[in-house]
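The structure under discussion appears below in the form of structure tokens.
The values are calculated or read from the model by the stated rules, or taken from the named source; none is laboratory data. All values reported here derive from a predicted model rather than from experimental measurement. Positions of Cβ are generated from backbone atoms using ideal geometry, with glycine treated the same way; all protein chains shown enter the neighbour counts.
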Amino acid sequence: MARDVSDATPIESRDQLVETIASGSKPPSQWRVGTEHEKFGFFVDDFRPVPYGGDAGIRRLLEAMEGLLGWQPVTDKGNIIGLADPIGHGAISLEPGGQFELSGAPLLTLHQTCREVNGHLAQLRECATPLGIGFLGLGASPKWTRAETPAMPKSRYDIMARYMPKVGGHGLDMMFRTCTIQANLDFSDEADMTQKLRVGLALQPIVTALFANSPFLEGKPNGFLSWRSQVWLDTDGARTGMLDFAFEEGFGFERYVDWALDVPMYFVTRGDSYHDVAGASFRDLMSGELDELPGERATLTDWENHLSTIFPEVRLKNYLEMRGADGGTGRGICALPALWVGLLYDSVALDAAWQIVKDWSRLERQNLRETVPTMALKTPFRGGTVLDVAGQIVALARDGLSRRRFLNDDGDDETIFLPWLEEIVARGKTPAEYLLDEFDSDWNGDINELFRRHAY
């Protein structure tokens, strides 16, 4: 979720920026998992996208959710654009094309985060059904053109939308026509962060393959299994990608900060105003030499907002964000954090995962990243396929979750969230491929059947 923060503490040095990230270090007993997911809203009577305004628009839906939950509204120039839970630290927000996002609270167990997801979907149905709104979990908008897709009244998105076409061919598609599932995880110190970041980066294409779920565009197959992932290859090379430098000797908090400082900014907020500084240097803001805001110096607000506009496959803040999965169903939403928690929160599983990926070359990692959107689990790799690696990491995750021994009230451990992935591995078939089969058979080529049969 892109939620602007408010901390006017002035930035005096680069070391201060490093400390904001390093401050996330915490002992394993305090590690938590946060799950984020986005979904497309549509009108159930004719499968149109839901605009912001109107008697049955996104604004009305957010107001209904506010009344149900009692959460605090988040506004932008008088428009409600989200809700924040003042107690649990979860939030609801809008992506540029009206994609509805739950940013889950940091929770101790996968049982808790999955209950949160299911509770949110039930609450959403309670508020959306009277408005004639349904929701679809998919990695890419399957029917509407970009021109047909509504725009949400968020100032940061106006700035991004103006800038994106200057730096890539698919930035606007990314903004308006894609959805993802994301898991947010903690680290204990710099060394632990580094190992988790490297494992996460290397395995991100494998996870993209497992969760591939965006095979349609404008009513027909688009030639990809994960079109969402393909879009990110041509969005903005300065702020996306596989972070090759993270695998270099000596990588740590400082090296990430140096890279982030070189990523061009989008905006600076002062009060309720967004200042368009797209393409400008954060270093100039730190020194008070930004042409657009002469004399203004960077604050921690500016830094935190800047970090939120950087989009690598794994993003480092004062926690780690795993960003490679397409949007999907409820079971998939719970399976994504289960996979990463099993791999990264158990030291045995983490070390085993590192053994798998540690000798992969930069070229191999990038080739995986570029081929998986089309071939997913069938992508060739080292005499086998990505499916072989996927089977290994899902098995490691199961072992890791078993060792965690977090049980629900029925005595089940967290491995109950993995069968969805284990079935994909057993059959060697992605969600996207199942949908394509349905499109060619049961649906008779009618994309509207996707909405009828697969809405939440």
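Taken over region 34-56, the criterion of being in contact with a helix residue (DSSP H, G or I) (Cβ under 8 Å, 6 or more places away or on another chain), surrounded by 14 or more Cβ atoms within 10 Å (Cβ to Cβ) and within 28 Å of Glu449 (Cβ to Cβ) is satisfied by His37, Gly41, Phe42, Val44, Phe47, Val50, Pro51, Tyr52, Ala56. Just for region 264-318: of the residues that are in contact with a Ser or Thr (Cβ under 8 Å, 6 or more places away or on another chain), among the aliphatic types (A, V, I, L, M) and within 30 Å of Leu201 (Cα to Cα), which one is surrounded by the most Cβ atoms within 10 Å (Cβ to Cβ)? Checked region 264-318; the qualifying residue surrounded by the most Cβ atoms within 10 Å (Cβ to Cβ) is Met265. The selection criterion, being of a type outside the set (A, V, I, L, M, F, W, C) and buried (at least 17 other Cβ atoms within 10 Å of the Cβ), does not hold for Asp442. Of everything in region 265-279 that is free of Cβ contacts under 8 Å to residues at least 60 places away in the same chain and within 25 Å of the chain's Cα centre (by Cα), the residue that is nearest to Ser308 (Cα to Cα) is Met265.
Testing Ala105 on (1) more than 25 Å from Ala212 (Cα to Cα); (2) in a helix (DSSP H, G or I), one condition comes back false. Which one is that? Going through (1) more than 25 Å from Ala212 (Cα to Cα); (2) in a helix (DSSP H, G or I) one by one, Ala105 breaks only (2). Taken over region 216-238, the criterion of being assigned to a loop (DSSP other than H, G, I, E, B) and buried (at least 20 other Cβ atoms within 10 Å of the Cβ) is satisfied by Phe224, Leu225, Thr235, Asp236.
For region 82-103, a residue qualifies if it is in contact with a Ser or Thr (Cβ under 6 Å, 6 or more places away or on another chain) and either acidic (Asp, Glu) or farther than 17 Å from Leu68 by Cβ (or both), and the qualifying residues are Gly97, Glu101.
Looking across region 140-174 at every residue that is in a helix (DSSP H, G or I) and of a type in the set (D, E, K, R), the one that is surrounded by the fewest Cβ atoms within 10 Å (Cβ to Cβ) is identified as Lys166. Restricted to region 2-30, and to residues there that are at pLDDT 95 or above and of a type in the set (Asp, Glu), the residue that is farthest from the chain's Cα centre (by Cα) is Asp15. When residues in region 324-344 are screened for being in a loop (DSSP other than H, G, I, E, B) and buried (at least 24 other Cβ atoms within 10 Å of the Cβ), 2 of them pass. Select from region 345-355 the residues that are in a helix (DSSP H, G or I), touching a residue at least 40 places away in the same chain (Cβ under 8 Å) and surrounded by fewer than 23 Cβ atoms within 10 Å (Cβ to Cβ) and list them in ascending order. Within region 345-355, Val348, Leu350, Ala352, Trp354 meet the criteria. Scanning region 115-128 turns up one or more residues that are in contact (Cβ under 8 Å) with a residue 60 or more places away in the chain, within 25 Å of Pro337 (Cβ to Cβ) and polar (S, T, N, Q).
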